[in-house]
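Colleague: Below is one structure. I have some questions about it.
The values are calculated or read from the model by the stated rules, or taken from the named source; none is laboratory data. Only a predicted model underlies this, so the values are computations on that prediction, with no experimental measurement involved. So basically every Cβ, Gly included, is an ideal-geometry build from the backbone, and we count neighbours across all protein chains shown.
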Amino acid sequence: MQDLYRQIVDATRALGRDLRNRSLYGPEAPRVAERIWVEPKAVEWAIKVLPEGVSTRNSSALVVDYAAAGIVEVPLMNWPQMRSCYQHWCEGVPWDETDDYAVLRRAVEARRKMAGCRSEDDIRRRFKWLDDLFASVARGEMFKTRKELHRWNFREHGGIQIGIDAEGRPALVRGCGFHRLAIAKILNLPKIPAQIGVVDVSAIGFLPMFRRV
């Protein structure tokens, strides 16, 4: 029920941004939690710094000038989560020997909840779930949209979040799908569903390309 309530709140908040975007940028304007389709191999950057006062939860369909807003993009492989995925699935390194596991362990030891984990058992369950997901996709199962996973879900809320910069370059928004994107890249999937993130004001014209399956 709590998740459903949050979806209702998100949908209500989205209405204002959707209307504002459409009035400013026309019918091609992005909508909050809109589903887009992304080629995993094209995503080589991640957004490390969002505009001041903006969180990953409220960055979807936010239209800004990236440079003026202070958005910082860094190479995707700079992130321990992404490096750890390649080490584990491509090189056979056990999860508990990766930086990703170590980050979660330190958080749990400091009694901070991270990625839904509060204990060592939670961490092990999380990485077991990731291995199961990798195996299912490797068998040919496609990434499901959020609506397919939860019929009451608000658009693509909770999906891999991808921002679009002024050059039309897709970048993963930090903390919003490192592992799922790594699976898609390692298995060379052609396209995956994603939730639109923060959009550069000069990138509106690129959006139709991302709306095509």
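Colleague: Quick one: how many residues across segment 131-150 are surrounded by 13 or more Cβ atoms within 10 Å (Cβ to Cβ), hydrophobic (A, V, I, L, M, F, W, C) and assigned to a helix (DSSP H, G or I)?
Modeller: 3
Colleague: Right, here's the next one. Would you confirm, using the coordinates I've provided, whether R118 is among the basic types (K, R), farther than 18 Å from W79 by Cβ and either surrounded by 11 or more Cβ atoms within 10 Å (Cβ to Cβ) or more than 17 Å from the chain's Cα centre (by Cα) (or both)? Step through it out loud before you land on a result.
Modeller: Working: among the basic types (K, R): yes; farther than 18 Å from W79 by Cβ: yes; either surrounded by 11 or more Cβ atoms within 10 Å (Cβ to Cβ) or more than 17 Å from the chain's Cα centre (by Cα) (or both): yes.
Against the criterion (among the basic types (K, R), farther than 18 Å from W79 by Cβ and either surrounded by 11 or more Cβ atoms within 10 Å (Cβ to Cβ) or more than 17 Å from the chain's Cα centre (by Cα) (or both)), R118 qualifies.
Colleague: In the list R106, R13, R31, which residue meets the criterion of being in contact with a helix residue (DSSP H, G or I) (Cβ under 7 Å, 6 or more places away or on another chain) and either basic (K, R) or modelled with pLDDT under 95 (or both)? Quick ask: steps written out before the conclusion?
Modeller: Numbers: R106 fails: in contact with a helix residue (DSSP H, G or I) (Cβ under 7 Å, 6 or more places away or on another chain); R13 fails: in contact with a helix residue (DSSP H, G or I) (Cβ under 7 Å, 6 or more places away or on another chain).
Residue meeting the stated conditions: R31.
Colleague: Still on this model: Among what's in segment 27-66 and is among the small types (G, A, S) and touching a residue at least 40 places away in the same chain (Cβ under 8 Å), pick the residue that is farthest from V173 (Cα to Cα). Lay out the reasoning, then the answer.
Modeller: So in segment 27-66, the residues among the small types (G, A, S) come out as 29, 33, 42, 46, 53, 55, 59-61.
Still in the running and touching a residue at least 40 places away in the same chain (Cβ under 8 Å): 29, 33, 42, 46, 59-61.
On the way: A29: 19, A33: 13, A42: 14, A46: 6, S59: 9, S60: 10, A61: 12 Å.
Per the criteria, the residue is A29.
Colleague: Under 6 Å by Cβ, and 6 or more places apart or on different chains, what pairs join a residue from segment 90-111 that is more than 14 Å from L130 (Cα to Cα) with one that is of a type in the set (A, V, I, L, M, F, W, C) and modelled with pLDDT under 95?
Modeller: What qualifies is L104/M114; A107/M114.
Colleague: Which residue out of L76, L104 is buried (at least 19 other Cβ atoms within 10 Å of the Cβ), over 16 Å from the mean Cα position of the chain (by Cα) and hydrophobic (A, V, I, L, M, F, W, C)?
Modeller: On the way: L76 fails: over 16 Å from the mean Cα position of the chain (by Cα).
The match here is L104.
Colleague: Just checking, which of D65, D100, D121, D96 is modelled with pLDDT of 95 or more and in contact with a Cys (Cβ under 8 Å, 6 or more places away or on another chain)?
Modeller: D100
Colleague: Another one. Which condition breaks for V198 when tested against (1) part of a loop (DSSP other than H, G, I, E, B); (2) crowded, with 22+ Cβ neighbours inside 10 Å?
Modeller: Tallying (1) part of a loop (DSSP other than H, G, I, E, B); (2) crowded, with 22+ Cβ neighbours inside 10 Å, V198 fails exactly one: (1).
Colleague: Okay, next question. Looking only at segment 151-187, filter to residues that are on the phi < 0 side of the Ramachandran plot and without any contact (Cβ under 8 Å) to a residue 40 or more places away in the chain; which one of those is surrounded by the most Cβ atoms within 10 Å (Cβ to Cβ)?
Modeller: E167
Colleague: When you scan segment 15-35, do you find a residue that is within 28 Å of N188 (Cβ to Cβ) and acidic (D, E), even just one? Quick ask: steps written out before the conclusion?
Modeller: First pass over segment 15-35, keeping only residues within 28 Å of N188 (Cβ to Cβ): 30, 33-35.
Checking the rest, the ones that are also acidic (D, E) come to 34.
Scanning segment 15-35 turns up at least one residue that is within 28 Å of N188 (Cβ to Cβ) and acidic (D, E).
Colleague: What's the number of the condition R169 fails, among (1) in contact with a strand residue (DSSP E or B) (Cβ under 7 Å, 6 or more places away or on another chain); (2) within 21 Å of R17 (Cα to Cα)?
Modeller: Result: R169 fails condition (2) only.
Colleague: Just give me the residues in segment 16-49 being of a type in the set (A, V, I, L, M, F, W, C) and more than 22 Å from P193 (Cα to Cα), in sequence order.
Modeller: Looking only at segment 16-49, we keep the residues that are of a type in the set (A, V, I, L, M, F, W, C), and these are 19, 24, 29, 32-33, 36-38, 42-43, 45-47, 49.
Across segment 16-49, the qualifying residues are L19, L24, V49.
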